[in-house]
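The values are calculated or read from the model by the stated rules, or taken from the named source; none is laboratory data. Bear in mind that the values here come from a model prediction, so they are computed numbers and not experimental data. Here the Cβ is made from the backbone with ideal geometry for all residues, glycine too, and neighbour counts use every protein chain on show.
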Ligand code: 2P0
């Protein structure tokens, strides 16, 4: 039996993707930029099945109907590309604990794309693989590569791909994932960004904001300016969330604790620590800091939020 396995790591966006100009192809309105993370990854094995029913298992259990449906849609796409009707078995192991507050769809669809690429002997380049992963989930586009990664929005399927900017960063960046809420978010990323695109009067500004932030971020990475990387990421994150606050009706992923952690980060920064924050489509906060300050920053967060679960994150590799 032919069986192929691929591992892909999660990523955190420092310049956010928020809005699709083509919801079917998952073409975003803007570029985005992320850091692939070391500790959290997904390993996916695929094989052909004799019958005509796909099988999807996650962490050694039959997948939920919702997970099965999303995976099968992706299998259908890959079968169409390969002129195939064969049923497929998918075995996914997520080393992304829900407690980490990070999405597993990025690593999940990147790993699935890599595994199917080998199973169908498609011989896709990494650039083509990132296009394929995009069809599963936008953020998966970036998880093909390690380190700092830019996703070019593009104008059609082949031109919307990710590219490595620095796969083995020497920048001493560290992240602390601060999990304060394990409740499932009420509004998914897909729904949240769609609502912002359709109703926020400020959405028209978003592409300009991202263009500016992207230029500044690329420059900061070139000059290895970690404080600038943190500052630009924090500002971009706030601009993304402002789209949600200004949607009609307005919504927010922030909770009381989110704002309290933001305040603490400001306080730590005023005391001279390298500390910035970024927040995705949820209440949890990722604190951006330096190798030098990470221990002190971590200690201060834990002291102020004894109930929070903290995880230390470093740059990670691309798919294997
Ligand atoms: C990002 N997020 O750039 C942004 C920032 C969350 C906030 O991409 O609809 O699961 O499947 O393309 O990739 C999370 O959304 O959304 C995300 P779909 P995805 O990382």
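I'd like the full set of residues that are under 17 Å from residue 110 (Cα atoms) and touching a strand residue (DSSP E or B) at 6+ places or on another chain (Cβ under 7 Å), limited to segment 73-87.
75
Listed here are the residues, each with its yes/no results for (1) within 13 Å of the ligand (Cβ to nearest atom); (2) buried (at least 18 other Cβ atoms within 10 Å of the Cβ); (3) under 16 Å from residue 9 (Cβ atoms).
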| site | (1), (2), (3) |
| --- | --- |
| 110 | yes, yes, yes |
| 132 | no, yes, no |
| 136 | yes, yes, yes |
| 149 | yes, yes, yes |
| 158 | no, no, no |
| 174 | no, yes, yes |
| 179 | no, yes, no |
| 191 | yes, no, no |
| 200 | no, yes, no |
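Evaluate the following for residue 164: is it farther than 22 Å from residue 297 by Cβ, away from the ligand (no atom under 16 Å from the Cβ), within 19 Å of the chain's Cα centre (by Cα) and touching a residue at least 40 places away in the same chain (Cβ under 8 Å)?
The answer is yes for residue 164.
Tally up the residues in segment 8-37 that are touching a residue at least 60 places away in the same chain (Cβ under 8 Å) and out of contact with any strand residue (DSSP E or B) (no Cβ under 9 Å at 6 or more places or on another chain), please.
So the count comes out to 2.
Out of all the residues in segment 181-188, is one or more under 21 Å from residue 266 (Cβ atoms) and surrounded by 17 or more Cβ atoms within 10 Å (Cβ to Cβ)?
Looking through segment 181-188, none of the residues is under 21 Å from residue 266 (Cβ atoms) and surrounded by 17 or more Cβ atoms within 10 Å (Cβ to Cβ).
Mind listing just one residue for me: the one in segment 95-139 that is outside any helix (DSSP H, G or I) and at pLDDT 95 or above and, of those, nearest to residue 318 (Cα to Cα)?
That would be 125.
May I ask you to say which residue of 221, 259 is at pLDDT 95 or above, more than 18 Å from the chain's Cα centre (by Cα) and crowded, with 21+ Cβ neighbours inside 10 Å?
221
Where residues in segment 1-32 are assigned to a strand (DSSP E or B) and more than 18 Å from residue 136 (Cα to Cα), which of them is farthest from the ligand (Cβ to nearest atom)?
3
Given 154, 230, which one is in contact (Cβ under 8 Å) with a residue 60 or more places away in the chain and either within 16 Å of the ligand (Cβ to nearest atom) or in the same structural domain as residue 247 (by TED's automatic domain parsing) (or both)?
Just a single option satisfies the conditions, and that option is 154.
Only one of 71, 42 is surrounded by 14 or more Cβ atoms within 10 Å (Cβ to Cβ), within 16 Å of the ligand (Cβ to nearest atom), part of a strand (DSSP E or B) and modelled with pLDDT of 95 or more; which?
Result of the check over 71, 42: 42.
In segment 74-87, which residues are in a helix (DSSP H, G or I) and in contact (Cβ under 8 Å) with a residue 40 or more places away in the chain?
74, 75, 77, 78, 81
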